[in-house]
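K.L.:
The structure that follows is given in the form of structure tokens.
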Amino acid sequence: MTTESPEISQETTRFMSRAIRLARRGLGRTSPNPMVGAVVVKAGKIVGEGFHRAPGEPHAEVEAIRSAGDETQEAELFVTLEPCNHYGRTPPCTQAIMAAGIKKVYYGIDDPNPAVIGGGAGFLRKAGIEVVGQVLENRCKSLNEVYLANVTLKRPYVYLKLAMSLDGRIATRTGHSKWITSEASRLKAHRMRDRVCAIMVGIETIISDNPFLTTRLKGRTGQDPIRIVADSNLRTPLDANIFNQTSPSGVIIATRLNPPSRLKARLEKKGAKIVQTSGVERVDLNDLLSTLFKMGITSLLIEGGARLAWGALEARIVDRCTFFYAPIIIGGKSAPSGVSGIGIKRLEEAPRLVEMRSSKAGPDILVEGRVVYPGEVNDITD
């Protein structure tokens, strides 16, 4: 049981908001751990700050306590996630909190990890430390949507990113697609690549566009995600740009149950890891996600094409959509759309976006939101 704060004061909001901003400094670098930020407050002033930087590095609470130095006695701690009470790569944060003389702990959300949930808060209360849970809960959940999906669903968190014209086209009727959206949109897309473990496209995108699928950021080096191709019949060309010798990230070819063995051997010789799924005719995306998660991949960015986008939505694996719309109209019955496939029969069958946000990226419009599917508990039509 958590102790709910009946009213969150402006000060409490300010300090937890600061912890959330600190946590975001670990974006794309803490997997498989959550992003966590913490601040130590004494007499209404922040005296220590910290965030979790990477697996094996000190947790946010420990960093904040170290930063506060001698000011921790009878101080308050604000942390975005329930403190841990178990030994992993680092000692329990509850021990550091007790040793520092912290008198009160505010935390954002319960940690659903079976090794943690309720244990950290309960341990601190038994030690005589006041604990207030679920402060700015929704913001803290949004911060760690990837981690929460990993722990509860046992699969990677999936983003679907598309770049389209206002009428939803991803190319002209002749296949011309570079560039539909602006440089500002492409920069945002590369920032997304920098923050995920893996990126996936369909085989048609490889054949038609031959992308590198690397991260290119101005002024700094980003991390390249693992490159994945959904390729049921192993048609990936051996000279495709994904086999980039200058990138440290590997290539995974996801395929069906019994792909052509000769083509499998050729791609393996090229350095690709072939992941066979249970699909008889095409890649089984749910089975693929399960395998990727066991391989340590906790987040996946799908960048197209249209058939893969629909397949992912149909399989209900997309967690969040990020759609860039350029202020152009392409038209044409044969011009490809961002999402194809068989589609739905009735409107009530449509996946919906909730918690939507829209913003500008240069001249383009960025629309993003969390996906809910018909019949889910949090479906807005319930």
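K.L.:
Could you grab the pairs with beta carbons closer than 6 Å, sequence gap of 6+ or different chains, first residue in region 169-193 and closer than 16 Å to S359 by Cβ, second one hydrophobic (A, V, I, L, M, F, W, C)?
P.N.:
Filtered contacts from region 169-193: T181/A163; T181/F324; T181/A326; A184/A361; S185/F324; S185/A361; K188/A361; M192/L301.
K.L.:
Looking for something within 30 Å of E281 (Cα to Cα) and among the aromatic types (F, W, Y) - is there at least one such residue anywhere in region 206-217?
P.N.:
Yes, that holds for at least one residue.
K.L.:
Considering every residue within region 362-373, establish whether at least one is of a type in the set (G, A, S), at pLDDT below 95 and not in a strand (DSSP E or B).
P.N.:
Checking region 362-373: not a single residue is of a type in the set (G, A, S), at pLDDT below 95 and not in a strand (DSSP E or B).
K.L.:
Please state which one of T298, T291 is free of Cβ contacts under 8 Å to residues at least 60 places away in the same chain and either among the hydroxyl-bearing types (S, T, Y) or buried (at least 16 other Cβ atoms within 10 Å of the Cβ) (or both).
P.N.:
Numbers: T298 fails: free of Cβ contacts under 8 Å to residues at least 60 places away in the same chain.
Step by step, each of T298, T291 is checked, and only T291 is free of Cβ contacts under 8 Å to residues at least 60 places away in the same chain and either among the hydroxyl-bearing types (S, T, Y) or buried (at least 16 other Cβ atoms within 10 Å of the Cβ) (or both).
K.L.:
So, in region 327-346, of the ones that are in a loop (DSSP other than H, G, I, E, B) and of a type in the set (S, T, N, Q), which residue ends up most open to solvent (accessible area, probe 1.4 Å)? It would help to see each step written out before you state the result.
P.N.:
First, the residues of region 327-346 that are in a loop (DSSP other than H, G, I, E, B): 327-336, 338-346.
When the remaining residues are screened for being of a type in the set (S, T, N, Q), the result is 334, 340.
Details: S334: 84, S340: 42 Å².
Ranking the candidates gives S334 first.
K.L.:
Those residues that are open to solvent by 60 Å² or more (accessible area, probe 1.4 Å) and in contact (Cβ under 8 Å) with a residue 24 or more places away in the chain, I need them from region 244-256; list them, please. Before the answer, list the steps.
P.N.:
Residues of region 244-256 that are open to solvent by 60 Å² or more (accessible area, probe 1.4 Å), as a first pass: 245-246, 248.
Correct list: P248 only.
K.L.:
Counting only residues that are in contact with a helix residue (DSSP H, G or I) (Cβ under 6 Å, 6 or more places away or on another chain) and assigned to a loop (DSSP other than H, G, I, E, B), which one in region 28-52 is surrounded by the most Cβ atoms within 10 Å (Cβ to Cβ)? So that I can check it myself, show each step before the final result.
P.N.:
In the first step, residues of region 28-52 are kept if they are in contact with a helix residue (DSSP H, G or I) (Cβ under 6 Å, 6 or more places away or on another chain); the result is 28, 34-42, 47-52.
Imposing the further condition that a residue be assigned to a loop (DSSP other than H, G, I, E, B) reduces the set to 28, 34-36, 52.
Values: G28: 20, P34: 25, M35: 26, V36: 33, H52: 27.
My answer is V36.
K.L.:
In region 112-140, which residues are open to solvent by 10 Å² or more (accessible area, probe 1.4 Å) and part of a loop (DSSP other than H, G, I, E, B)?
P.N.:
Within region 112-140, P112, N113, P114, A115, I117, G118, A127, G128, I129, Q134, L136 qualify.
Here's the yes/no breakdown for (1) in a loop (DSSP other than H, G, I, E, B); (2) open to solvent by less than 50 Å² (accessible area, probe 1.4 Å):
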| site | (1), (2) |
| --- | --- |
| K178 | yes, no |
| A184 | no, yes |
| R191 | no, no |
| E204 | no, no |
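K.L.:
Go over the candidates V151, V158, V146 one by one and state the one that is assigned to a strand (DSSP E or B) and open to solvent by less than 40 Å² (accessible area, probe 1.4 Å).
P.N.:
Result: V158 is the single residue among V151, V158, V146 that is assigned to a strand (DSSP E or B) and open to solvent by less than 40 Å² (accessible area, probe 1.4 Å).
K.L.:
Next question, about the same structure. Look at region 193-202 and say how many of its residues are of a type outside the set (A, V, I, L, M) and in a loop (DSSP other than H, G, I, E, B).
P.N.:
1
K.L.:
OK, next. Within region 299-331, can you find the residues that are more than 30 Å from S182 (Cβ to Cβ) and among the polar types (S, T, N, Q)?
P.N.:
none
K.L.:
In region 187-200, is there at least one residue being touching an Asp or Glu at 6+ places or on another chain (Cβ under 9 Å) and either of a type in the set (F, W, Y) or over 26 Å from A54 (Cβ atoms) (or both)?
P.N.:
No.
K.L.:
Scan G202, G120 and give me the residue that is at pLDDT below 95 and on the phi < 0 side of the Ramachandran plot. Steps first, answer last, please.
P.N.:
Numbers: G202 fails: at pLDDT below 95.
Step by step, each of G202, G120 is checked, and only G120 is at pLDDT below 95 and on the phi < 0 side of the Ramachandran plot.
K.L.:
From I344, I317, which residue is aliphatic (A, V, I, L, M) and closer than 16 Å to E303 by Cα?
P.N.:
I317
The values are calculated or read from the model by the stated rules, or taken from the named source; none is laboratory data. This structure is a prediction, so every number in the text was calculated from the model and none was measured. Cβ sites come from the backbone with ideal geometry, for glycine too, and all protein chains shown count toward neighbours. Ligands, DNA and RNA are excluded from the accessible area calculation, which covers all protein heavy atoms including side chains. Shrake-Rupley method; radii C 1.70, N 1.55, O 1.52, S 1.80 Å.
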